[in-house]
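These notes are about the structure you will find just below.
Here, each number is a calculation from the coordinates, and none is a lab measurement. Given the structure is predicted, the values throughout are model-derived calculations rather than measurements.
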Amino acid sequence: MSKYLLIMRCTDESKAAMMADIDEMMARTHQIIEEMVKAGVLLSTEGLDDPGQGVVVDFSGEAPVVTDGPYGETKELFGGFFLLDVASKQEAVEWAKRVPSAPGSKIEIRRVRGSDEVPQVNE
């Protein structure tokens, strides 16, 4: 089994479309969450707060610079995630295809590295 992160990405337009029928979207989302739980693949899922409530720490200069909100030129923002423990990338793709999303939204799928794949610091 491998862990895969399904990253929910949206634009202002796709978020507005989702919010227009939020009750239906939430009902469909709860349904897929229940299916993931029953299948034993869901490890975690969370939605993220409005990007305007966040901050950005920028390491481009000599010292980190903190600014309010998301990057000014961002066209897509992360809206939340599902963390799944599945047998393959293809299985993660199949689950992602079932997640309710508004037109224009995307789901990015990334495998989570195991601890044995991360370089270890030897003292």
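For the reader, a short list of remarks on this structure follows.
- 16 Å Cα cut-off, lysine pairs counted over the range 2-113 (separation 8 or more, or different chains): 6
- With the biggest extent put first, the Cα atoms of the chain measure 48, 45, 18 Å across the principal axes.
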